[in-house]
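The values are calculated or read from the model by the stated rules, or taken from the named source; none is laboratory data. Model, not experiment: these values are computed from the prediction. Backbone-built Cβ (ideal geometry, glycine too); neighbour counts: all protein chains shown. Quick note on the areas: whole protein, heavy atoms, side chains included, nothing else; ligands and nucleic acids left out. Shrake-Rupley method; radii C 1.70, N 1.55, O 1.52, S 1.80 Å.
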Amino acid sequence: MSASESSAQPRRERPRLGGRVDPAFRAVGERFAEALVGPELGAALTVIVGGRPVVELWGGFADRRRTRPWRSDTLVCGFSTTKAVTAMVILDAVAEGALELDAPLVLHWPAFAGDGREDVTLRQVLAHRAGLPGYRREAGLAPQDLLDPERMTDALTRERPFWTPGEAHGYHARTFGLLLGEVLRRATGETVGTRLRRRLTGPRALDLHIGLPMQAHDRCAELVPAPAGTSIPEASRPMVRAMADADTVTGAAFSVPAMPRGAANTARWREIEQPAMNGHTTASGLAGLYAALIAGDILTPSLLGEACREHSDGEDRVLLQHSTFGLGFMLSRATLPLGFTDAAFGHPGAGGSLAFADPSAELAFAFLMNRQRPGAVTGNETALALLDAVRECLA
């Protein structure tokens, strides 16, 4: 290789680890560092206890070629960790009186009526009981439509419920944010992302966005698929098999339309609002929002208590395993552990990210990474290992 050819090659850097760890949580830092030389490409972790950050770490690489170190302000798509953030926005609107939990969506969205949809309430959507977890083939949606929230939302006004609303639950993987976002927009004139900035993240200087400004795109980590042959958790294998069949409820929820290859690394994906799955954030931004929530800075104790009350529990018609939901939050149970105790609530994201709060420990936790794993429902193996380390340090 000539000198000119050599100089044209991207400079590869060694993995770096940045941030700080309280001495009492040293074991968490050690486990995070191990993950960066193991399964993770780049990642970030924030743990807040009693309102005080005890772990703020980031490291590895923000791109697959390992030329960009992951920095303190690196943003990454947290996929369905976004659902809990959207739930906070919606519940804030409920607290303000702009929305009502038991009012039908058609109160603000008349075109939504028909085929039994007129009975769908805001509470049912938040609890994944609306019966509209996805789209049938005949909706005629193409892959590029996934990047057009307006078209995806309009298609829901013609989709027949997959079950009678309120009679069962199934994970509304993509439609959760579209349904909630449209009702909020019609009731208040604000999008989820706009209200998030105005009411929740802006006043607290939290680096968390739904609809990312163009000037922040260069801070985004590249999402990278896991190596071929990466194992799928046994409990998730039926779900992953069903995803491939668009004629199943699971396939309708996750695969109609199919995600265009590489779409999540495009400017279009980052700039649109898909409030179920395209929030871009730092770990400190996401954990900081949960910390504010359990500190009582966002919702009243009674409304937060209602949101964390069990609304859906049992066999999930989409995930094909046991799941438990409050209002927009996944709840921790022995069948699908999310945090440390049954008081924990939050949401995982596709590929392995995990964020939650455990009020019993006054703790907020957010782990984000850019190497995606298939079938991770409550965080990947790194997230669960870090969870164990935090638990040990709290003991």
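Considering (1) under 19 Å from I48 (Cα atoms); (2) of a type in the set (G, A, S); (3) modelled with pLDDT of 95 or more; (4) surrounded by 23 or more Cβ atoms within 10 Å (Cβ to Cβ), the lone condition that G339 does not fulfil carries the number (3). Determine whether S284 is under 24 Å from V47 (Cβ atoms) and of a type outside the set (A, V, I, L, M). It is true that S284 is under 24 Å from V47 (Cβ atoms) and of a type outside the set (A, V, I, L, M). Contact map, the range 109-137: residues that are within 22 Å of M277 (Cβ to Cβ) paired with residues that are of a type in the set (K, R) and open to solvent by 10 Å² or more (accessible area, probe 1.4 Å), Cβ distance under 7 Å, separation 6+ or inter-chain. Pairs shown: W109/R186; G134/R174. Checking each residue in the range 85-141 for being in contact with a strand residue (DSSP E or B) (Cβ under 8 Å, 6 or more places away or on another chain) and acidic (D, E) picks out D102, E118, D119.
Where residues in the range 222-250 are surrounded by 16 or more Cβ atoms within 10 Å (Cβ to Cβ), out of contact with any strand residue (DSSP E or B) (no Cβ under 8 Å at 6 or more places or on another chain) and not in a loop (DSSP other than H, G, I, E, B), which of them is modelled with the lowest pLDDT?
Per the stated criteria, the residue is A235.
Scanning the range 180-217 for residues that are out of contact with any strand residue (DSSP E or B) (no Cβ under 9 Å at 6 or more places or on another chain) and of a type in the set (D, E, K, R) turns up E182, R185, R186, E190, R195, R198, R199, R204.
In this structure, does A168 turn out to be under 30 Å from G346 (Cβ atoms), of a type in the set (G, A, S) and open to solvent by 10 Å² or more (accessible area, probe 1.4 Å)?
The answer is yes for A168.
Only one entry of A93, A103, A98 meets the criterion of being open to solvent by 20 Å² or more (accessible area, probe 1.4 Å) and either more than 30 Å from N370 (Cα to Cα) or among the polar types (S, T, N, Q) (or both), and that entry is A98.
Taking (1) at negative phi; (2) open to solvent by less than 60 Å² (accessible area, probe 1.4 Å) in turn, D73 satisfies each apart from (2). Any residue in the range 118-127 that is surrounded by fewer than 18 Cβ atoms within 10 Å (Cβ to Cβ) and of a type in the set (A, V, I, L, M, F, W, C)? No - not one qualifying residue is present in the range 118-127.
Pairs linking a residue in the range 41-68 that is over 24 Å from I294 (Cβ atoms) to a residue that is open to solvent by less than 20 Å² (accessible area, probe 1.4 Å) and β-branched (V, I, T), with Cβ atoms under 6 Å and 6 or more positions apart or on different chains, are L41/V224; A62/T74; R64/V224. I need the full set of residues from the range 180-194 which are assigned to a helix (DSSP H, G or I) and β-branched (V, I, T), in order please. Matches in the range 180-194: V183, T188, V192, T194. Starting from residues that are of a type in the set (S, T, N, Q) and either more than 23 Å from F176 (Cβ to Cβ) or in contact with a Lys or Arg (Cβ under 7 Å, 6 or more places away or on another chain) (or both), keep the ones in the range 189-221 and report whichever is most open to solvent (accessible area, probe 1.4 Å). Once the filter is applied, the top-ranked residue is Q215.
Looking across R333, R391, one residue alone is under 19 Å from the mean Cα position of the chain (by Cα), of a type outside the set (A, V, I, L, M) and surrounded by fewer than 24 Cβ atoms within 10 Å (Cβ to Cβ). It is R333.
Taken as a whole, the structure places P39 among residues that are of a type outside the set (S, T, N, Q) and modelled with pLDDT under 95.
Being open to solvent by 10 Å² or more (accessible area, probe 1.4 Å) and closer than 23 Å to E234 by Cα holds for only one residue in D297, D313, and it is D313. Within the range 1-35, the set of residues being modelled with pLDDT under 85, outside any helix (DSSP H, G or I) and under 17 Å from T67 (Cβ atoms) comprises Q9, P10, R11, R12, E13, R14, P15. Please work out if T382 is of a type outside the set (F, W, Y), outside any strand (DSSP E or B) and open to solvent by 20 Å² or more (accessible area, probe 1.4 Å). So T382 does not fit the description; no. A residue that is under 27 Å from Y135 (Cβ atoms) and either within 20 Å of the chain's Cα centre (by Cα) or in a loop (DSSP other than H, G, I, E, B) (or both) can be found somewhere in the range 196-208. In the set A276, A253, A291, only one residue is open to solvent by less than 10 Å² (accessible area, probe 1.4 Å), part of a helix (DSSP H, G or I) and closer than 20 Å to T82 by Cα; that residue is A253.
Scanning the range 336-366 for residues that are within 18 Å of the chain's Cα centre (by Cα) and not in a strand (DSSP E or B) gives P337, L338, G339, A344, A350, G352.
For the range 314-357, which residues satisfy the criterion of being of a type in the set (D, E, K, R) and free of Cβ contacts under 8 Å to residues at least 60 places away in the same chain? E315, R333, D342, listed by residue number.
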